[in-house]
Every structure is written in structure tokens, then in C-alpha cells.
Amino acid sequence: MFQHNGKLIYHKEISPNHMLMVIDAIEIAKNAVMGQFVEVRVSDSYEPLLKRPISIHDTDKKLGTISLLYQVKGKGTKLLSEKREGMYVDILGPLGKGFTLPDYSIQKLLIVGGGIGVAPLLFLSKEVRRQFFNSTMILGYNSKEQILRIDEFKKHSSNLQITTLDGSFGEKGLVTVPLERELAARNYGMLYACGPEVMLKSVAQLAERYEIPCQVSMESLMACGVGACLGCSRKMIVDGKEIYQRVCVEGPVFNSREVVWENV
Ligand SMILES: Cc1cc2nc3c(=O)[nH]c(=O)nc-3n(C[C@H](O)[C@H](O)[C@H](O)COP(=O)(O)OP(=O)(O)OC[C@H]3O[C@@H](n4cnc5c(N)ncnc54)[C@H](O)[C@@H]3O)c2cc1C
Ligand code: FES
């Protein structure tokens, strides 16, 4: 893991309350795996003390930059959103265990995201395309205004489907409707998901029903982000045994079959 005091190359609001940030962080850019995250110090003072975990949205190894896509939610992300281009941001990463790609006997992959949960999926879809897998991507939002970086996602998936809850763009309803349609129609070999936990639980249930391996990226409140405080631990069932795993070290990406969905 690397600590960077990285220069902010780009920082703009790209949809209401959603910021895209590009930071100079060459070591993180070179070493990151899709699905990993960074811990971001949101202000130059020690208030708030805790760093905030944000997924690595994209990397540019040549330029030595990483991108973060985040929602302005509470105090920490509000402070972060006030930083201007040219300023510096203290980040630690890459952290955690990311997504893994299957072997080449598997051709078709399905990627599902909901809301700001789409953030780590651009890096994943880029890598999926770079390694010549075929992917279908289904991204769900509440409404058209909240759709994030659709042109970027389009570049990396031959079959991108959008759903909105209010029907203002794409198919009206939840991502699980086109997801089930795809699972019934085609022979996918791996499913990836990131989004609200209620969505992840439904995706995991569909993966179970269609007997397809599924990797889910989970969230948890994090204090240290590096495995020391145990504050982010989640109950899992591994080899038939109940154990607690740290989302920041053993996750955030888990085999959906191991997750105990007790919060939803
Ligand atoms: C692995 C991971 C990846 C993520 N990736 C993204 C992303 O790409 N984009 C995005 O928008 N969001 C992402 N999130 C969510 C993001 O971290 C939160 O939205 C953000 O921390 C909110 O901070 P805030 O100060 O704005 O909000 P607030 O709601 O004000 O504060 C939430 C923060 O409270 C602190 N906190 C409060 N109680 C506790 C406690 N008991 N233990 C530990 N910490 C506590 C934590 O620092 C927590 O982050 C991710 C979360 C995780 C775990
Ligand atoms: S946040 Fe401290 S162990 Fe995960």
C-alpha cells in the first residue's frame, strides 16, 4: 500500500451531488486491482479524523493518475467536494481485495451496479474488455439525472442496459428484472455486483437460483481501513463455519455465497 499526497488534476460535479476526481498517484495507479479502494483524508485538519473509503473508479497507468467517483453524502464528502483542482489530497491505497476474473473457459460475464455502486465497475469493465471477455452490463438508478458516466461505460461493454426506478431513462424498474432476463437467456459464467445491500442480496439470490458464481462488493463503516480496528467486520459463512471477516482486508469483494445478509 502507498501513501500519496496527490495533486488534484480534475475535480468537478458531474451530476447533482456526484463528483469525479482525478488525482496524481502513480504508485496506486500502477498497483491497483479493480474493486480495490483508497482511504481519503477529506480535509487538511484532523476534523474529521477518520479517512473515508472510496473505490478506485479508474486508473491511468501512463499518466500515473487514479479517478474517484463519489456521492456527496455527509460531512466528510462535503469537505472533500470543496477541494479545488491544483490542491493536494492525502490518500492511502490500494486497499482490500478486489474483483477477480475467471479463466478463459468462461466467455460471458455479467456486471450489475446500482446508484453510486457503479463507481468501481468502470475499472472492472475496462479490464474485462482488455482481457477479451464479453460482458453485459446492467446499471440502475433512481432517475435520469442520476445516471453516471454513461458514455464511459458504453465504451467497455457491448451490451449496456440502464434501468431507472421512475422510468425517465431506459427500462423502468429494478436492475433485477433485466438481470433475470439475461440469466435465463444466456449462458453467463460469472456475475459481478456493487450497489445498495438490498440490491446485492437480490442479485446473490438470483445467482444462487441460476447457479452462477457471483462476486459482490460490500460496504461497511470503516475507521482504520487497514485491518487493525475490526470495526468493519461482517458475518460470513466459509466452509460451513460462521466467521467474521474484515470488509477492508478480506473484502470489499466477497463471494456472494459466503455473505450473511443480516442487515437487509
Ligand atoms: C470499500 C468502500 C468503497 C466505497 N466506495 C465509494 C465510492 O466509490 N463512492 C462513494 O460515493 N462512496 C463510496 N463508499 C461510501 C463512502 O465511504 C461513504 O459514503 C462516505 O464515507 C461517507 O462519508 P461522509 O462523511 O460524507 O458521510 P457521513 O455519513 O457523515 O459519515 C460516514 C462516516 O462516518 C464515519 N463513522 C461513523 N461512525 C463510525 C463507526 N462506528 N465506525 C467507523 N466509522 C464511523 C466513517 O468515517 C464513515 O465513513 C465506499 C465505502 C466503502 C466501505
Ligand atoms: S476498518 Fe478497521 S479493520 Fe476494517
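The values are calculated or read from the model by the stated rules, or taken from the named source; none is laboratory data. This one's a predicted model, so the numbers in the text were calculated from it and none came from an experiment. We place every Cβ from the backbone using ideal geometry, glycine too, and count neighbours over all the protein chains shown.
In this structure, does Met222 turn out to be within 16 Å of ligand 2 (Cβ to nearest atom) and in contact with a helix residue (DSSP H, G or I) (Cβ under 8 Å, 6 or more places away or on another chain)? It is false that Met222 is within 16 Å of ligand 2 (Cβ to nearest atom) and in contact with a helix residue (DSSP H, G or I) (Cβ under 8 Å, 6 or more places away or on another chain). Entry remark, segment 94-112: residues being small (Gly, Ala, Ser) and either at negative phi or in contact with a Lys or Arg (Cβ under 6 Å, 6 or more places away or on another chain) (or both) number 2 in total. Note on segment 134-216: enclosed helices (runs of 4 or more DSSP H) holding 3 or more residues that are among the aliphatic types (A, V, I, L, M) and touching a residue at least 60 places away in the same chain (Cβ under 8 Å) are 197-209. Scanning for something in a loop (DSSP other than H, G, I, E, B), in contact with a Pro (Cβ under 7 Å, 6 or more places away or on another chain) and either closer than 22 Å to Gly115 by Cα or not basic (Lys, Arg) (or both), does segment 223-242 turn up at least one residue? So far as segment 223-242 goes, yes, one or more of its residues are in a loop (DSSP other than H, G, I, E, B), in contact with a Pro (Cβ under 7 Å, 6 or more places away or on another chain) and either closer than 22 Å to Gly115 by Cα or not basic (Lys, Arg) (or both).
Condition check ((1) small (Gly, Ala, Ser); (2) at pLDDT 95 or above; (3) in contact with a strand residue (DSSP E or B) (Cβ under 7 Å, 6 or more places away or on another chain)) across all residues:
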| residue | (1), (2), (3) |
| --- | --- |
| Cys194 | no, yes, yes |
| Val198 | no, yes, no |
| Lys201 | no, yes, no |
| Val216 | no, yes, yes |
| Cys232 | no, yes, yes |
| Gly251 | yes, yes, yes |
| Glu262 | no, no, yes |
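Scanning segment 16-49 for residues that are within 15 Å of ligand 2 (Cβ to nearest atom), outside any strand (DSSP E or B) and crowded, with 17+ Cβ neighbours inside 10 Å gives a single hit, Gln36.
In segment 61-97, which residue that is part of a helix (DSSP H, G or I) and in contact (Cβ under 8 Å) with a residue 12 or more places away in the chain is nearest to ligand 2 (Cβ to nearest atom)? Steps first, answer last, please.
Taking segment 61-97 as the starting set, the residues that turn out to be part of a helix (DSSP H, G or I) are 75-81.
Checking the rest, the ones that are also in contact (Cβ under 8 Å) with a residue 12 or more places away in the chain come to 75-77, 79-81.
Values: Lys75: 18, Gly76: 15, Thr77: 17, Leu79: 20, Leu80: 18, Ser81: 23 Å.
Per the criteria, the residue is Gly76.
Taking each residue of segment 221-233 that is outside the structural domain of Pro53 (by TED's automatic domain parsing) and looking for partners that are more than 9 Å from ligand 1 (Cβ to nearest atom) and assigned to a loop (DSSP other than H, G, I, E, B) with beta-carbon atoms closer than 7 Å, six or more apart or interchain, yields Gly227/Val249.
Check whether at least one residue in segment 50-58 is crowded, with 22+ Cβ neighbours inside 10 Å and assigned to a loop (DSSP other than H, G, I, E, B), and report yes or no. Yes: segment 50-58 contains one or more residues that are crowded, with 22+ Cβ neighbours inside 10 Å and assigned to a loop (DSSP other than H, G, I, E, B). Residue pairs whose Cβ atoms lie under 6 Å apart, separated by 6 or more positions or on different chains, with the first residue in segment 11-27 and within 21 Å of Lys75 (Cβ to Cβ) and the second hydroxyl-bearing (Ser, Thr, Tyr), are Met19/Tyr70; Met19/Ser81. Glu13 satisfies every condition listed in (1) acidic (Asp, Glu); (2) in a strand (DSSP E or B); (3) closer than 15 Å to Asp58 by Cα except (3).
Only one residue in Thr77, Thr100, Thr59 is of a type in the set (Val, Ile, Thr) and within 10 Å of ligand 1 (Cβ to nearest atom), so which one is that?
Values: Thr100 fails: within 10 Å of ligand 1 (Cβ to nearest atom); Thr59 fails: within 10 Å of ligand 1 (Cβ to nearest atom).
Going through Thr77, Thr100, Thr59 in turn, the sole match is Thr77.
If I filter segment 253-264 down to residues being assigned to a helix (DSSP H, G or I) and buried (at least 16 other Cβ atoms within 10 Å of the Cβ), which single residue comes out as farthest from ligand 2 (Cβ to nearest atom)?
Narrowing segment 253-264 to residues assigned to a helix (DSSP H, G or I): 256-258.
Next, only the ones that are buried (at least 16 other Cβ atoms within 10 Å of the Cβ) stay: 256, 258.
Numbers: Ser256: 20, Glu258: 17 Å.
Among those residues, the one meeting the criterion is Ser256.
When each of Ile147, Ile138, Ile111 is tested for being surrounded by 15 or more Cβ atoms within 10 Å (Cβ to Cβ), touching a strand residue (DSSP E or B) at 6+ places or on another chain (Cβ under 6 Å) and closer than 22 Å to Met19 by Cβ, the lone residue that passes is Ile147. Looking only at segment 229-252, count how many residues are surrounded by fewer than 20 Cβ atoms within 10 Å (Cβ to Cβ), aliphatic (A, V, I, L, M) and within 12 Å of ligand 1 (Cβ to nearest atom). Of the residues in that region, 2 qualify.
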